[in-house]
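So the structure is just underneath, and the comments pick up after that.
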Amino acid sequence: MSGLSTQKRIGEAALILMTGLAFYLCWLLAEPFLAALTWALALAVVGHPLHRLVEKRLPPELAAFVAVLAVLLILLAPGVFLLQQGLSQVPRAFDFVADGLNPTRLRAALGQNSSAAWLLQQVEGRFDLPQELRRLAGAVAGQTPAALSGSVQFVTQFSIMLLLLFFFFRDRVTLLASVGRLIPLSADETAGLFARISQTIHATLYGNVVVKLIQGLLGGLMFWFLGLPAPVPFGLAFAVASVLPLVGTAFIWAPAAIWLLVHGSWVKALIMVLWGGLVVGLIDNVLYPVLVGAEVRIHPLGVMLSLFGGLIVFGIAGVVLGPVILACTVALLEVWTMRTSLGDCT
């Protein structure tokens, strides 16, 4: 009897090892397409209301195709175009910053401030800031064409993402049921986990990415209105800076206002301060409830750590994966808390 038990345990251990090896090999197969898979999942969640509306009127395959086409035209095409325009203006943005850091201009602006002049002299003795910025601009410009100019890797990832998005739309119910059977949770707990993931993706893309892009758009428009160069990359810089706690978009508009003031445009500097502080800096407090509604808002610290940590670990896919991993962790901890409290009650 013990021999049969030992043999059964060995068989179970071998099965566990084989399953783990299979999952590892599947991960190796999927890792090159992690960005495509992640963004397809995110777009499937965001585009689900549209697909559900179309699905009522068309056959499943045609409804999925129409939904993918709508996502492509409404969301992806403008985003790619905007990114291309922003990257093409990056050298002008660096030239603008380098011109603002020109030692001769800075000395004239500092005037009789001996402490600031001494600090400028120390920095100038160690770094040629304008030259370093121009070198960085050249490096960025040299790396960007391959990403968005139709390279094989970009086209492949983009095509796979659209294909995955089609299947996520068409086979949503089947896929969710299949994944749910593999999760060692009850039906209610699995449904809660899926709901948390969906809410997180929705809140991340609408409540963070879209709101930040709107802040970037408002900041870029102000750069254009005031006649400052490279409004698109500076608009993207506004969007990125809006994630930072405390400082936020002031990291961009405050130096721009100082530059305008130093160059004698005090009216433009005042407009930049008012627009940056009252409109760009505070618009997220108005837009977030409108776009996200009653969904749980991720704490700013969690947003910052999950976004930047996700970008470092997973690349561009980390914009979605970082917050989703954080949300899954919180949801699983809630499951443990619920089970523990129920156990204490019994």
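Descriptive notes on the structure:
- Considering segment 209-226, and only residues there that are of a type outside the set (A, V, I, L, M, F, W, C) and in contact with a Ser or Thr (Cβ under 9 Å, 6 or more places away or on another chain), the residue that is surrounded by the most Cβ atoms within 10 Å (Cβ to Cβ) turns out to be Gly219.
Listed here are the residues, each with its yes/no results for (1) part of a helix (DSSP H, G or I); (2) touching a residue at least 24 places away in the same chain (Cβ under 8 Å).
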position: Tyr206; (1), (2): yes, yes
position: Leu213; (1), (2): yes, yes
position: Phe223; (1), (2): yes, yes
position: Pro233; (1), (2): yes, yes
position: Val247; (1), (2): no, no
position: Ala254; (1), (2): yes, no
position: Ile258; (1), (2): yes, no
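- Filter pass, Val319 being buried (at least 17 other Cβ atoms within 10 Å of the Cβ), modelled with pLDDT under 80 and within 12 Å of the chain's Cα centre (by Cα): yes
- Beta carbons closer than 7 Å, at least 6 apart along the sequence or on distinct chains, pair a first residue in segment 151-175 that is over 12 Å from Ala40 (Cβ atoms) with a second that is of a type in the set (D, E, K, R) for Arg170/Glu61.
- Those residues of segment 157-166 which are surrounded by fewer than 15 Cβ atoms within 10 Å (Cβ to Cβ) and not small (Gly, Ala, Ser), in sequence order: Leu163
- Answer from Leu182, Leu246 - the residue that is under 20 Å from Gly281 (Cβ atoms), exposed (fewer than 15 other Cβ atoms within 10 Å of the Cβ) and modelled with pLDDT under 80: Leu246
- Residue that is open to solvent by 50 Å² or more (accessible area, probe 1.4 Å) and under 19 Å from Val71 (Cα atoms), where the choices are Phe169, Phe154: Phe154
Residue-wise test of (1) open to solvent by less than 50 Å² (accessible area, probe 1.4 Å); (2) closer than 30 Å to Phe314 by Cβ.
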| residue | (1), (2) |
| --- | --- |
| Lys8 | no, no |
| Leu15 | no, no |
| Ala30 | yes, yes |
| Ala36 | yes, yes |
| Leu41 | no, yes |
| Val54 | yes, no |
| Pro59 | no, no |
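- Condition check for Leu228: of a type outside the set (D, E, K, R) and outside any helix (DSSP H, G or I): yes
The values are calculated or read from the model by the stated rules, or taken from the named source; none is laboratory data. Just so it is clear, the structure is predicted and the values come from calculations on it, not from any experiment. Here the Cβ is made from the backbone with ideal geometry for all residues, glycine too, and neighbour counts use every protein chain on show. With ligands, DNA and RNA removed, areas are computed over all heavy atoms of the protein, side chains included. Shrake-Rupley method; radii C 1.70, N 1.55, O 1.52, S 1.80 Å.
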